[in-house]
Amino acid sequence: MRRDCDHLIPYIANELKECERMAFVEHLKNCTECKKEYQELSQAWHALPFDYTEIEVPESLKGEVLGFVFDHKGKSGTETFMAKMSKLAIMLKSQFTPVSISIVAVLLLAIIGLGIANVQEKNHHAENIPIEILTAIPLKAANQSHPGTNGMAYIVQQESEKNLVVQVHELPGVEGSQVYQVWLLKNGTRENGGIFKPDENGSGILTYQLAEGQTFDQIGITVEPDADSIQPRGEKIAGS
Amino acid sequence: MKEKYDTELMRLVNEKHGHALEELYNRYIKLIYSFVMKFCNGNEEKTKEIIQLVFLRLWTTNSHYDPSQGSFVNWLLTITRNICIDYLRKEKRKTQHHQEEHEEIADPANVIEQRVNTNDITKAKNKLPTAQRKLIDLLYWKGYSLSEIAKLEQEPLGTIKSRLHQALKGLRKHLELEDIK
Ligand SMILES: [Zn+2]
């Protein structure tokens, strides 16, 4: 056993100084004894955190944590934008009964999604520009084989710009190049309202910037074979 | 598959996608919450503050998860534990109540642990000799360093190190992580 090998235990306990840690990582590559010991002992070390009893997480925590994160004062415009968003969500929350808390959660999520999309696409630093939710439109399942699909669409205004935020849950999964596409119906014609893919839990979110003066009567969501549909080719899954 | 999804989520978080951070929250809050509550002896206010710092770290720094270095959960819990330790050390420095600290050490069992706990690691830990179990509590859950523990226990650092070595070996054995011979 060499002197370097003594560092194995402090290495596992994450107590080495950065230079020592790097030296030990090198040592691990060459010392078969330490390598074997490390594999065995670190398994046990990484099992340690699971020595706890599962506790119910308070519902209010999510808003407090994500609100804190997005509200955190930093250099980027994202955070000031977020600050406004989380305040809006908190305000809405105080007006709702506990039953509608989940609606607020959905709303907060939609807002967060929008904030990011906004800042990323336009790199536009939205300081002190109020954001207003103009309309909330519930979305229902439109396909009998997936009756659980549900969601909300919002039209949100910031300055002169209007965005459509669509969030849908319990969507059937998509395969390969398949995507979900949002259609805006106006006087019998359908316009593309953007595409999205759901996550592994079947939730999807989309933000779409409405053209000036653009209005619509209904929203439809279809599953399309690829991202190139100009008119719906696939089945309708949800709609207003 | 699961790891791949977590890796992808973390990549999106690095690119500042807010909904990816929310997704991480949804996936892991139960684990993180229970873990931090144990670390904080069931203090909800501290737990909240620490969890805020954990998600802030994920969001604001470019902490990149590298799948070749182990599982995502291990990585996430390592970050969480580091923040817990920093937090508790800062707090200790603030209060500096030596006596109080001493009382805490005398009883490593904490509020959370007193509830019925039946998972494998708990059972395995309970099979360890008292000294080894106490060492793990002080080191892992109370955030004392190996040399601080050596001082507290008035034993040489080498003894503490080899005790940890034995404790981890023992856990591995009781968890049946050992290869069957
Ligand atoms: Zn070695």
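The values are calculated or read from the model by the stated rules, or taken from the named source; none is laboratory data. No experiment lies behind these values; they were computed from the predicted model shown. All Cβ positions, even for glycine, are placed from backbone atoms using ideal geometry, and neighbour counts span all protein chains on display.
Here is a list: A:E191, A:E200. Which entry is in a strand (DSSP E or B) and of a type outside the set (A, V, I, L, M, F, W, C)?
Values: A:E200 fails: in a strand (DSSP E or B).
The match here is A:E191.
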Task: Test for A:Q214: is it over 24 Å from B:A20 (Cβ atoms), modelled with pLDDT of 85 or more and assigned to a loop (DSSP other than H, G, I, E, B) - done: no
- [ ] Please enumerate the residues belonging to region A:34-70 that are within 16 Å of the ligand (Cβ to nearest atom) and among the small types (G, A, S).
- [x] A:S42
Task: Those residues of region B:1-45 which are within 15 Å of the chain's Cα centre (by Cα) and assigned to a helix (DSSP H, G or I), in sequence order - done: B:Y28, B:I29, B:K30, B:L31, B:I32, B:Y33, B:S34, B:F35, B:V36, B:M37, B:K38, B:F39
Open item on the list: Return the residues of region B:141-173 that are closer than 24 Å to B:C84 by Cα and in contact (Cβ under 8 Å) with a residue 24 or more places away in the chain; say none if nothing qualifies.
Closed with: B:W141, B:K142, B:G143, B:L152, B:I160, B:R163, B:L164, B:A167, B:L171
Task: Scan of region B:71-91 for residues that are of a type outside the set (S, T, N, Q) and more than 24 Å from B:H17 (Cα to Cα), ordered by number - done: B:R81, B:C84, B:I85, B:D86, B:Y87, B:L88, B:R89, B:K90, B:E91
Open item on the list: Being free of Cβ contacts under 8 Å to residues at least 24 places away in the same chain, buried (at least 18 other Cβ atoms within 10 Å of the Cβ) and within 18 Å of the chain's Cα centre (by Cα) is the requirement here; does B:I136 meet it?
Closed with: no
- [ ] Would you check if A:T189 is more than 29 Å from B:R27 (Cβ to Cβ) and touching a Leu at 6+ places or on another chain (Cβ under 9 Å)?
- [x] no
TODO: Report yes if B:S34 is more than 7 Å from chain A (Cβ to nearest Cβ) and surrounded by 14 or more Cβ atoms within 10 Å (Cβ to Cβ), otherwise no.
DONE: no
TODO: Give the residue that is farthest from the ligand (Cβ to nearest atom), with candidates limited to residues of region A:7-33 that are within 12 Å of another protein chain (Cβ to nearest Cβ), surrounded by 14 or more Cβ atoms within 10 Å (Cβ to Cβ) and not aliphatic (A, V, I, L, M).
DONE: A:E15
TODO: Could you please let me know if B:E44 is farther than 22 Å from B:G143 by Cβ and more than 7 Å from every other protein chain (Cβ to nearest Cβ)?
DONE: no
